[in-house]
Amino acid sequence: MKVSQVMTRDVKTVRPDQTAKEAATFMLNEDAGSMPVSEGDRLIGMITDRDIAVRGVAKGYGPDTPVREMMTDDIVCAREEDDVEEVATKMSRAQVRRMPVIDAHDRLCGIVSLGDLSREADRQSADQALQGVSAPGDQHRQG
């Protein structure tokens with residue numbers, strides 16, 4: 001099964017020049033822990049509630065700090081033609097709960113979550129991703 005069959009297509013994004021407060025407000029309203037950062041249709045990063053609450057506060061950033069100052073720009077992505085098992089492995093290794101999906105032209109076209117994998121894909125793929133996300137290891141960098 002391809003990730004394009006299970007991903008969420010209607011992805012809301014934030015621009016790098018928007019404030020941390022705007023990103024946090026969106027996350028609160030959408031009950032989301034992360035969101036993609038884009039310039040036009042090009043994905044340039046991810047920002048998480050942890051980026052704002054931990055990294056931002058630790059560095060003394062305030063609510064008016066631009067997202068670009070707090071976002072993670074070294075992100076792991078899936079391609080819409082990737083197999084679900086492949087994506088689950090990527091999510092596990094990167095220890096992320098959500099992964100942006102890009103098309104053949106490197107444009108953001110969706111996002112896949114552990115929930116998407118558990119609802120739509122085989123149970124083994126979801127379990128594999130969850131084990132990696134739950135394992136102790138490096139600090140989580142994106143949603």
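The values are calculated or read from the model by the stated rules, or taken from the named source; none is laboratory data. Because the structure is predicted, anything quoted here is derived from the model rather than measured. Quick reminder, even Gly has a Cβ in these numbers, built from the backbone with ideal geometry, and neighbours come from all protein chains shown.
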Checklist entry - If you scan segment 34-62, which residues turn out to be hydroxyl-bearing (S, T, Y), out of contact with any Lys or Arg (no Cβ under 6 Å at 6 or more places or on another chain) and within 28 Å of D103 (Cβ to Cβ)? => result S38, T48
Checklist outcome for this item: Filtering segment 14-35 down to residues that are at pLDDT below 95, not in a helix (DSSP H, G or I) and not acidic (D, E) yields A32, G33, S34, M35
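Residue by residue, here is whether (1) hydroxyl-bearing (S, T, Y); (2) within 14 Å of the chain's Cα centre (by Cα); (3) within 20 Å of Q18 (Cα to Cα); (4) modelled with pLDDT under 90 holds:
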position	(1), (2), (3), (4)
D41	no, no, yes, yes
E80	no, no, no, no
R123	no, no, no, yes
Q128	no, no, no, yes
G132	no, no, no, yes
A135	no, no, no, yes
Checklist outcome for this item: Output for Cβ contacts, cut-off 8 Å, separation at least six or different chains, first residue on the phi < 0 side of the Ramachandran plot and surrounded by fewer than 11 Cβ atoms within 10 Å (Cβ to Cβ) in segment 50-65, second assigned to a helix (DSSP H, G or I) and modelled with pLDDT of 90 or more, reads G62/A20; D64/A20; D64/K21
